[in-house]
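Enquirer: Provided herewith is a single structure, encoded as structure tokens, for subsequent inquiry.
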Amino acid sequence: MNRTNKILAGALLVQVALVAVTWSMRGRGPSLDAEPLLPDTAVADVQALKVVAKSGEKETTVQFARKGDGWVVPTADDFPADAKKVEEVVKKLVEARIRAPIASNKANHNNLDVGDRDFSRRVTLTVGGKDRTLVVGSAKGSSAHVRFADQDDVFVARGFSAFELRDGLATYVDGDYVKVEAPESVKLTNPRGTVTLNFVEGNWKVAELPPDAPLDTARIEAFVSAARLIRLIEPLGKTVKPEYGFDAADKAVVELKKGDVVTRYTIGALAPDNNRYVKSESNDWVVTTAIHNIGTLLDQTPDRFIKEDLPADGGGPEGGMPPGMPGLPPGMGGPGGLPPGFPQ
């Protein structure tokens, strides 16, 4: 091999090594030519965050504002948000990196999920009193298609996915609106009357029942669990409005005691989203909660805690399902067994 060939071979080896290093770096993180999605912006510079999520024809919006050392929900009379959770989203956007645009034709926007009609998220950050809006669409892995709302260029932003920009307000706040660990008594007043439970010598007693009444402990534990923990869906604000139903005849009032501490809250009317309005006396804000979590509190009566004894075989005198059980074809479940002509 002459000197010229040796030089050329060496140059080729250098190029191969550079390619290998470049691919290695791309596998580990942003490539050398990547630029910040939001240049000259730090997490501390962001004053407000708004996330609009679209699913089909439905849009949901959550928004937050920086207040002092924390974050609040301005649409709910500054309900406190979890600063760590809000800044986690802001950080993903600030640290995201992009390279050259993958498309610049407006006709491609909806296909890339960053259009005016089709998009996953529309995110607005307020920095220095000015808003920057990003239209975010789904892409592969921890990346997202991103377009500035006032521009046509579409980029692949690396470092987050569209679905990491959460759209449920409850995921950004402390979801435990009411939480009482190991209450010693629970009193419920609803349209059907009053239910009073007291924890005595390791067991729950129902004050409205005879002392020797057999109690369904599993049902009691489920009731206490529902009463002592209210998870919020959405904070609404500090103003108590008539439509919340806290003065209505069909409201439910729950009082929990632990030592000298009394926690009392009211379950009001049905909200438009089929949740229920709730207001705790120890909390300034009204919230909504999922009806399936508190359904047992709305119509509970003392007699429902009485344990029902069933036959050991779980059925009627012939065994199996009791005769005449509703919904069974004629002849099924009775002494005659299966109806004539039924496949054996």
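The values are calculated or read from the model by the stated rules, or taken from the named source; none is laboratory data. What you see is a predicted model, and the numbers here were worked out from it, not measured in a lab. Don't worry about glycine lacking a Cβ; one is built from the backbone with ideal geometry, like all the others, and counts go over all protein chains shown.
Enquirer: When you look at residue 199, is it aromatic (Phe, Trp, Tyr) and not assigned by TED's automatic domain parsing to the domain that holds residue 77, yes or no?
Expert: yes
Enquirer: Please go through (1) touching a residue at least 12 places away in the same chain (Cβ under 8 Å); (2) crowded, with 16+ Cβ neighbours inside 10 Å; (3) not in a loop (DSSP other than H, G, I, E, B) for residue 264 and return the number of the only condition it doesn't satisfy.
Expert: Against the list (1) touching a residue at least 12 places away in the same chain (Cβ under 8 Å); (2) crowded, with 16+ Cβ neighbours inside 10 Å; (3) not in a loop (DSSP other than H, G, I, E, B), residue 264 comes up short only on (2).
Enquirer: Across segment 267-310, what is the number of residues that are within 27 Å of residue 205 (Cα to Cα), of a type outside the set (S, T, N, Q) and not in a strand (DSSP E or B)?
Expert: 16
Enquirer: Related question: Counting only residues that are loosely packed, with under 15 Cβ neighbours inside 10 Å and under 20 Å from residue 163 (Cβ atoms), how many does segment 109-132 have?
Expert: Result for segment 109-132: 4.
Enquirer: Let me ask something else about it. Select from segment 181-200 the residues that are surrounded by fewer than 19 Cβ atoms within 10 Å (Cβ to Cβ) and aliphatic (A, V, I, L, M) and list them in ascending order.
Expert: Correct list: 182, 200.
Enquirer: I would also like to ask the following. Might you check whether a residue that is in a strand (DSSP E or B) and farther than 30 Å from residue 141 by Cβ occurs anywhere in segment 166-176?
Expert: Yes - at least one qualifying residue is present in segment 166-176.
Enquirer: Here's something else I'd like to know. In segment 185-208, is there at least one residue being closer than 24 Å to residue 169 by Cα, part of a strand (DSSP E or B) and hydroxyl-bearing (Ser, Thr, Tyr)?
Expert: no
Enquirer: How many residues, within segment 186-212, are over 30 Å from the mean Cα position of the chain (by Cα) and of a type in the set (S, T, N, Q)?
Expert: Here the count works out to 4.
Enquirer: Going through segment 38-51 one residue at a time, which ones are part of a strand (DSSP E or B) and of a type outside the set (A, V, I, L, M, F, W, C)?
Expert: Correct list: 47, 50.
Enquirer: From the list 222, 218, 249, 226, exactly one residue is touching a residue at least 40 places away in the same chain (Cβ under 8 Å), surrounded by fewer than 14 Cβ atoms within 10 Å (Cβ to Cβ) and either touching a Phe, Trp or Tyr at 6+ places or on another chain (Cβ under 7 Å) or under 21 Å from residue 203 (Cβ atoms) (or both). Which is it?
Expert: Answer to the selection: 222.
Enquirer: Here's a follow-up. Of all residues in segment 60-108 being among the small types (Gly, Ala, Ser) and touching a strand residue (DSSP E or B) at 6+ places or on another chain (Cβ under 6 Å), which is surrounded by the most Cβ atoms within 10 Å (Cβ to Cβ)?
Expert: Ranking the qualifying residues of segment 60-108, first place goes to 81.
Enquirer: Every residue in segment 138-163 that is part of a strand (DSSP E or B), under 19 Å from residue 117 (Cα atoms) and out of contact with any helix residue (DSSP H, G or I) (no Cβ under 6 Å at 6 or more places or on another chain), please.
Expert: 145, 146, 147, 148, 154, 155
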